[in-house]
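Just below is one structure, and these are the notes that go with it.
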């Protein structure tokens, strides 16, 4: 084939899905084929990567039966290397003859510590985990595909042993709280930054500046998360590195860690495809509902159906992968229907033997309703029903006691209001990534990546006169109170990075891998709000409204820097990492120059020491590795927070000016330095593996948006004044007590501790970052206390229940746990049946419940004992007078154990299937099957509390929010 | 494998492409400047000295005045016997009354007052200084708004800083600052209408200070200039701020409920349509009559005071009333914390043991009601004629003050209640002292606690509502207290 025709093929392939035409001359070449299976159980291993001579341009994957085929190899000696996440690498020499096919069957040994996995994130270029001093989690495509999760944070909930991930509400697409290694900032959200194929994407996990406020002040259960529309299909693997030394190379952007999603780009070989259907239903978790009838009034068993299909294939020159998915879910709330649609494709083309192009596009769109929750006031079904506020609208609030006639009236009211409530969220996001790799000589690998991410969201609230009349806000006959509120956010991120990696050996004992690179990203976030009042019922647009108004806001930030890292390994046992990133960012004040972030790491593979082996065999101590690292990662301030501004407001159709932001010319990133050390231990041929670590991090120059003295008349200004400390132990464990032919049991567990404390506020007075008011409960930032601790009135009772004193501004609890983790079990029976379950837990966190307080305040039957009668008597029997003085009674421990999934997966034998069908499986899963909690309420309906876009979501409040549903899903997966 | 030849071929193939990509990146960096980020907001440097900056700043100060007025009115009404917070998330303890330095409303109100004051100072010293188009009348208005900030501070707080992070000064000094601003405004203004505002504001400041001579002098001057004077705070129905008091008085869920004996005055700020907000008359001629009458009573001139109150009544009765559809107010239902009477056949007693009187409660469910939207009173000409003593005169005067000023944020000061300096100020201001007397609110000893001022017993069957306390009677009984009745 001529060079020209090859280029034509490449470019055609880049735009059209190629059909796998062979471009190579088969007669003068040979092939290698075989099967990859697990050594102990013999089960076939899918998705193993098979490399020829470590050439990243020549790689195929094993199929569902573990089979692979490498064609068009020059005759002679080759080495194939087989890699699969969770298994030891294996290299096999093989001789290829012209026209012949060498058979190489490979058995891989399970490696729970995953030290052979090659990771990219935080390293500049690919490097084996065994040479890295910091933890990296890698989740493979099999694990992702088998999960019933519908969004990435839900998927990661039990896959990241060191992270705590909580959905703040049970409604589709709403925000989550993600915490790894504590709370390093009080001003920035703790959600990690997210990359797809090297392209930074929107990770907004809070309200936007302009957006629907259906939750009242600082309660965010109804806000929409960008994480909800990240792709979950067509993913090859996900890497996660926690903040600190592991993310130093991300500079000013990664104190909370990095999640990187790698999409599939296709595998050379036969074209394969799949079709998958997921059908089931969501049902409400009624465990924590106070009234039996609440469930009947606002919840239902909502049907869920999802379908996805894709193809994958290619040849030695070009590979491709494409898939699409569609999901429709009725949801657990009546009128909770939501939909999602996505397309993903990736392709890879070899440009000669030393260069490669990889491109990918992912697209996702979703539609979901939103319900008023939390402190929204007005019509808020959960508040009216579960908090006893139905009385405000003329109903007996003890709804379980209502007569059939009264109940019918309430049901009619709720059903009508729910149907007329019209708040919707539409999102559309796409990401495209393009990477050109060029390896001029085997020891040098280079790449250049650029890409774009765009996410558009539109939130709309249509309030009709009919709704206002039905919810008793305005009298019947009202025609001029209808309104429409639209909020659009358009986020675009551009990422470009170049990198070079050199691998060199000095003598036979010293291996040096050096990476150099530069990265730039720019985020443009433009938001617009347009609202209309006096809108005629039925209108969906603002045209013709009596009055309309609009406003907008824009955030732009560019971050750019260079990095270098060297990884030196002596005798494959002593490894040292040294790295440095130097960064500039437009959000820094004008007096602030480039920021540098250093790191150093040490790895000692003690288990590979010959002297140790003379005492302890590999059969007993299969792995022992010690590691330690120190590194600094940053978090840049909010865009434009450095500028001193004048604010303008339209006032009676004219411009009016007022004080804007005070500004700070010295604004710079907060810096988190993390010292960590640990050990990876494998015992009894890796039957038991442990990863034990301890980290201590200190965030200096912590950004604080503390309120100034009221007498200044100015608003808050972000300043680098604080110091925050986080410390914790991290233990991960995998046990494989049974592993033999046809039977394998794997148990996993993670246990983490967290000690979070604000060490200094730099002279700034304590201030609230969450909650409501000093007279009720607030989440505080105060020296000597955990971030966001709950503060309010604490009543001290004597033995008769009488209040002897009330401590104002007292410590009531904290939203962050002392201990948390996850555990799970997987049982493989034969080569076809797999049963698995996983769960997570926390201990030592507290929450305040307005649900419980309001039930008491509004006199719900059965709440008499919430406050001692003697205390109530001190306030003349007035619940209204006493409830705010006993805030400590509304705070409880929120220890819990929650099983997330229970899955049975069965791979059907081909003989039961139509001729073309392969790799067909049936699985049944239950999400949220069971949980236990120490509190009287659902500890997971934790309002995120981020009070501004990108602000910290610390949680700590339970308030009129839907619990996550329990879902039953039947999955049928057909491969062909 | 022909790696070397392939490598060379690849280099030849890829090098031009890489060169192209690299060149493109370089060019694009130069052309598109991905690191060039411009703040879309206006910086202070760009604003100061720009054409018309003074006028825009003055309007911004007017807007801030409305924000501050909203906060003062809504919260001080709760702290008085006028309204009870039956439902909203506004101040939860003011009704008790509890006025704590940790209370978020206490912080917000003084922050808004400070913003208004600082906008005045920054406008006068900086924005106006760089804008040649600014007129003396503009300057007078800005002085007036700064004076209003000092007046709000002096009327409602124990003490406050008079400048950003400044020393904390007494309410008397704050009122002195207000008087200085109003005086200066009047001296430079050439606008006769605006000048009336400054005169009325001076009378109000002197009154609270207890400076009878000056208060009466300014009140008399105001009435001479304009006997029906009124100055409205105008809200923005579209972009806000809207009249918060209007929203809490007209909502369906029994937000703020007036004491039943004041029911006939509610809602003072009715909903008039989506594009209109009811204004608040924050300065009006009625106050001049009240000041003069109170001055006469303090001089034991009962006859003169009666005559003045009759003039006042004539003015009040000449003020506008409106027919309002208030059916949505769910009085009479268990909608809030307390059930309120809802029909005109309800009789009220001002205190236990007092006679039951009709005409104070309206039937809202039947159809439109008529309410005064500027000033209203239950006091009749006959009642004024019946005054024989100074104390009875003061009683009628304070009842009229309460009814005429309802919903205007004045009653808390008349009751002698004052808010403390906020905790945030104590922590952040180096000139503030922790534990100082000003960290405590002022609640005169005669004020009933535990929601007493808002309490009443309602017999829905007998249709009677008996108030627990007649605060006007209590005020007169305590007229010599330093906290109330400034002329006594």
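The values are calculated or read from the model by the stated rules, or taken from the named source; none is laboratory data. Every value quoted in this text rests on a predicted model; they were computed, and no experiment measured them. For neighbour counting, all protein chains shown are included, and Cβ atoms are generated from backbone atoms with ideal geometry for every residue, glycine included.
Here are the numbers:
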item	result
Flag for residue B:120 being in contact (Cβ under 8 Å) with a residue 12 or more places away in the chain, farther than 20 Å from residue B:410 by Cβ, buried (at least 21 other Cβ atoms within 10 Å of the Cβ) and at the interface with chain A (Cβ under 8 Å from one of its Cβ atoms)	no
Filter result for the condition that a residue is closer than 20 Å to residue B:71 by Cβ and at pLDDT below 95, over B:115, B:121, B:107	B:107
Those residues of segment A:517-554 which are more than 9 Å from every other protein chain (Cβ to nearest Cβ), part of a strand (DSSP E or B) and more than 14 Å from residue A:488 (Cα to Cα), in sequence order	A:517, A:518, A:519, A:523, A:532
Residues of segment A:400-436 satisfying the condition of being surrounded by 18 or more Cβ atoms within 10 Å (Cβ to Cβ), away from every other protein chain (no Cβ under 14 Å) and more than 29 Å from residue A:338 (Cα to Cα)	A:402
Filter result for the condition that a residue is within 14 Å of chain B (Cβ to nearest Cβ) and touching a strand residue (DSSP E or B) at 6+ places or on another chain (Cβ under 6 Å), over A:657, A:702	A:657
Residue among A:596, A:622 that alone is modelled with pLDDT of 90 or more, in contact with a strand residue (DSSP E or B) (Cβ under 6 Å, 6 or more places away or on another chain) and over 30 Å from residue A:188 (Cβ atoms)	A:622
Checklist (1) part of a strand (DSSP E or B); (2) within 14 Å of chain B (Cβ to nearest Cβ) applied to residue A:667, failing item	(1)
Long-range neighbours under 7 Å by Cβ, at least six apart or interchain, first residue in contact (Cβ under 8 Å) with a residue 60 or more places away in the chain and facing chain A (nearest Cβ under 9 Å) within segment B:41-56, second assigned to a loop (DSSP other than H, G, I, E, B) and surrounded by 13 or more Cβ atoms within 10 Å (Cβ to Cβ)	B:53/B:131
Selected residue (only one of B:297, B:262, B:283 is within 17 Å of the chain's Cα centre (by Cα), closer than 28 Å to residue B:215 by Cβ and in contact (Cβ under 8 Å) with a residue 24 or more places away in the chain)	B:283
When residues of segment A:602-624 are limited to those that are in a loop (DSSP other than H, G, I, E, B) and in contact (Cβ under 8 Å) with a residue 60 or more places away in the chain, the one surrounded by the most Cβ atoms within 10 Å (Cβ to Cβ)	A:605
Residues satisfying the stated conditions in segment A:625-653, i.e. buried (at least 22 other Cβ atoms within 10 Å of the Cβ), outside any loop (DSSP other than H, G, I, E, B), at the interface with another protein chain (Cβ under 8 Å from one of its Cβ atoms) and touching a strand residue (DSSP E or B) at 6+ places or on another chain (Cβ under 6 Å)	A:646
Exclusive hit being crowded, with 24+ Cβ neighbours inside 10 Å, farther than 30 Å from residue A:835 by Cα and within 14 Å of chain B (Cβ to nearest Cβ), set A:770, A:716	A:770
Selection from segment A:444-469 of residues that are within 12 Å of another protein chain (Cβ to nearest Cβ) and not in a strand (DSSP E or B)	A:465, A:468, A:469
Helices (runs of 4 or more DSSP H) contained entirely in segment B:128-217, each with at least 1 residues that are away from every other protein chain (no Cβ under 14 Å), more than 23 Å from the chain's Cα centre (by Cα) and free of Cβ contacts under 8 Å to residues at least 40 places away in the same chain	B:171-188, B:192-209
Residues of segment A:938-960 that turn out to be out of contact with any helix residue (DSSP H, G or I) (no Cβ under 6 Å at 6 or more places or on another chain) and over 30 Å from residue A:641 (Cβ atoms), as a count	4
Every residue from segment A:63-76 that is within 10 Å of another protein chain (Cβ to nearest Cβ), part of a strand (DSSP E or B) and either surrounded by fewer than 20 Cβ atoms within 10 Å (Cβ to Cβ) or touching a residue at least 60 places away in the same chain (Cβ under 8 Å) (or both)	A:76
Among residues of segment B:66-82, those that are within 11 Å of chain A (Cβ to nearest Cβ) and either in contact with a helix residue (DSSP H, G or I) (Cβ under 9 Å, 6 or more places away or on another chain) or modelled with pLDDT under 95 (or both), counted	2
Residue check, residue A:60 more than 14 Å from chain B (Cβ to nearest Cβ) and under 20 Å from residue A:355 (Cα atoms)	yes
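Table: residues versus (1) surrounded by 18 or more Cβ atoms within 10 Å (Cβ to Cβ); (2) in contact with a strand residue (DSSP E or B) (Cβ under 9 Å, 6 or more places away or on another chain).
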{"residue": "A:847", "(1), (2)": "yes, yes"}
{"residue": "A:851", "(1), (2)": "yes, yes"}
{"residue": "A:857", "(1), (2)": "yes, no"}
{"residue": "A:863", "(1), (2)": "yes, no"}
{"residue": "A:868", "(1), (2)": "yes, yes"}
{"residue": "A:877", "(1), (2)": "no, no"}
{"residue": "A:881", "(1), (2)": "yes, no"}
{"residue": "A:885", "(1), (2)": "yes, yes"}
{"residue": "A:892", "(1), (2)": "yes, yes"}
